[in-house]
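Step one of this worksheet: look at the structure below.
All of the numbers you see were taken from the coordinates with simple rules; none came from a lab. None of these values were measured; they are calculated from a predicted model. FYI the Cβ positions are ideal-geometry reconstructions off the backbone, even for glycines, and counts take in every protein chain you see.
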2 protein chains.
Amino acid sequence: MSWNRVAVVGAGLIKFGELFDQSYEQMAAGAFQAAVASVDKGFDPKAVEAALVATQRGSLWGQEGIGGNTVPSAIGLSGIPCTRVENACPTGSDAFRIGAMMVASGVHDVVLVIGVEKMRDKSAQEGLLARAASGHPVYNRGETAPVLFAPFATRHMHEFGTTREMLAAVAVKNHHNGKLDPYAHFQNEITVEQVLAAPSVCQPLGLLDCCPQTDGAAAMILTTAARAGEFTDKPVYVAGFGVATDHPALHEKSTYVGLPATTLASGRAYAMAGIGPDALDMAEVHDCFTITEILDIEDLGFVEKGKGGQATLNGETALDGRLPVNPSGGLLAKGHPIGATGVAQLTECYWQLREEAGERQVAVRHGNALQHNVGGRGSGVSVVNILTRNR
Amino acid sequence: MSWNRVAVVGAGLIKFGELFDQSYEQMAAGAFQAAVASVDKGFDPKAVEAALVATQRGSLWGQEGIGGNTVPSAIGLSGIPCTRVENACPTGSDAFRIGAMMVASGVHDVVLVIGVEKMRDKSAQEGLLARAASGHPVYNRGETAPVLFAPFATRHMHEFGTTREMLAAVAVKNHHNGKLDPYAHFQNEITVEQVLAAPSVCQPLGLLDCCPQTDGAAAMILTTAARAGEFTDKPVYVAGFGVATDHPALHEKSTYVGLPATTLASGRAYAMAGIGPDALDMAEVHDCFTITEILDIEDLGFVEKGKGGQATLNGETALDGRLPVNPSGGLLAKGHPIGATGVAQLTECYWQLREEAGERQVAVRHGNALQHNVGGRGSGVSVVNILTRNR
């Protein structure tokens, strides 16, 4: 029943971190070269017929965001069609989805998706000031990301008895995984005690409950399922995807213990792929904060609503657990260069399904992997992609 | 030979201008309502399966540009997939192209494309300062749009004997057309003498050689050619499209008397549509400056390179000319709210092909219309769409 018209035949990224020594275009070129080098049977860059560049917020962080214009020249492909896609935190995952539809449309056979984001060239404070200066009557009144997510943690604790130790277990797990991922921003183990003792950011979230500000880039090469064999004998197919929006203002939210956009988006993706969460081998989900991963695994149907904290504490989402979540280290340890994030998560899924993930390889029983982002105003948009190695 | 898998069944816009009394979301909603109301057999907004929002630069002009997140709620469709597309000046036209591919992919049958841009809430000066502050080593050193286009006028004059009167003829024609367009920002005639006497902006371009800063929104409803009949007996089809990039820095340009991205993009669009410029009844092209329209009509193959100025002076591109160009008034008179511009141009093509353009209606002989944008760093990206009423 799966869609399976589009295949991934190459994927790569650059090491995430504070990349003050690389320009936006250099980062994009590095990811592109890694993706090209990854193609099993070799890949002539001239085979790229069109590209999408995923970058979320050029302007605020020192870029103008006209990546659709500057990236082709920087990767030696000036002339090709290239468009920037932006969709808040799901920017990269949405560009991937649109790239898949471009291939499926029959217009382009080989499409490149590059996610790239410069987060560190400008201070977060400058970004906040620019947002405050925009003068919106509702948004931007101290509405930082921790302020948006902390109330969900408080309410989840109140309704379901979720504890700070359960939140901390997410950070400890993802840092453990990140230590095994050579591309992760942070490659060190942390302990529950360290998470609990970290400086408070917005109650009940401390510093280690929050993902870092990270520079990074990732790239993937998509083609038709019919042509995949020209490039590799181990393609991974796009089984399905879903996007959903929700009301953007906090005062319009229908719940504070879940993110309905995730549930709606994943429902659409599962329907398109013809599978449910039981058929997944692993997932990369949006852990911008520890509470977010707990909400995600509930909203995606991996565990019952309210049980996400306990499931994490029990190790159900560990590398050797029932359903490994964020083997790459997630946003918490690998980093969250916004436009690159989704593409990098999908690259991790690609590697895992091809069983090339080294020390962090999970057991592949079903051949399916899920990738998820949620973000934007009031977490009002979510994107879910499902990949499969089954034809 | 044409592609023709996707049809336009509704299109509408709000009056362009200085819309201080409307929010970004209100403008989007106004355009959406106009598009819905335009559908001949009626349209239930719930039929929209997915949307694209075209907005170029939220952040610099007081919006954050997360339109993919805020627009669905504002138009009563919270929940639908919605993504922001950005591609410099061709932002709206590129969103249309991607919307067409989404329909052609078989994933979504009914796709909404909304272009919306707030240009006037922040001063252009603030935008320039923000760009200067971004600190790029090559860009942003006084690199305003007039500074980027003026050298092309100078060189075109030098090589081909193009005169300021020929440039002025573009502005006079487009203001004449704009007077007939109820949606245009400027609705007054101007004279050659006024253009020549206007204050200098960047030699040889004066104030009336430049398009204004305008707020605006436009929306179109796309569906499969197979389902078009449910909505109208007069659909207009997407015959072809093309996008091309060029090196973004001025010092990398191969010519100063043409914009190669336009030639490459239109060549792709003509090939896809299976027609050439001789089969067009009209065109909406990117006249951000008078010189730009002259470059465009040469680069698009309407006239021989170097003859664009004389052809305009001769009236070849007037409403009753050999090939009417910018019957809507163009960017010079109708305005250039960036994300909305391409969608509004395509709406004009839709109306012209349906012969609903009132006093500015052109003669429809072939049934084909072309829409064009060029922009970005060093005019390094161009998008061309070709519409047809022939099935």
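Some points to look at:
- Peptide A:368-379 has a mean of 2 when you count, residue by residue, the C-beta atoms of other protein chains within 10 Å of its C-beta.
- Our coupling estimate for the range A:25-42, obtained by passing each phi through the Karplus curve with A = 6.51, B = -1.76, C = 1.60 and θ = phi - 60°, is 5, 5, 4, 4, 5, x, 5, 4, 4, 5, 5, 4, 5, 7, 6, 4, 9, x Hz, Gly and Pro reported as x.
- Nearby lysines by direct alpha-carbon distance to B:Lys234 (threshold 25 angstrom, same-chain neighbours under 8 apart not counted): B:Lys15, B:Lys41, B:Lys46
- Shielding score for A:239-247, defined as the mean number of other chain Cβ atoms within 10 Å: 5
- Residues in the range A:187-200 carry Karplus couplings, in order, of 10, 9, 6, 10, 10, 4, 4, 5, 5, 5, 8, 5, x, 6 Hz; the curve used is 6.51 cos²θ - 1.76 cosθ + 1.60 with θ = phi - 60°, and Gly or Pro positions show x.
- Shielding by partners - mean other protein chain Cβ count within 10 Å, residues of B:99-107: 6
- Percent of beta bridges antiparallel (DSSP, chain B, rounded to nearest 5): 75
- Taking GluC sites (Glu not before Pro) in DSSP loop states with no more than 15 other Cβ atoms inside 10 Å as exposed sites, chain A has its longest site-free stretch at A:19-188.
- The range B:185-226-the range B:63-106 distance, computed between alpha-carbon centres (Å): 24
- Long-range amide H partners of B:Val381 with built H, under 5 Å: B:Asp246, B:Gly375
- The trypsin sites (Lys or Arg not before Pro) found in the range B:220-327 that occupy coil by DSSP, while having at most 15 further C-beta atoms within 10 Å, are B:Arg322.
- Anchor B:Lys118: aspartates and glutamates whose Cα lies under 12 Å away (excluding residues fewer than 8 positions away in-chain): B:Glu18, B:Asp21, B:Glu25, B:Glu64, B:Asp215
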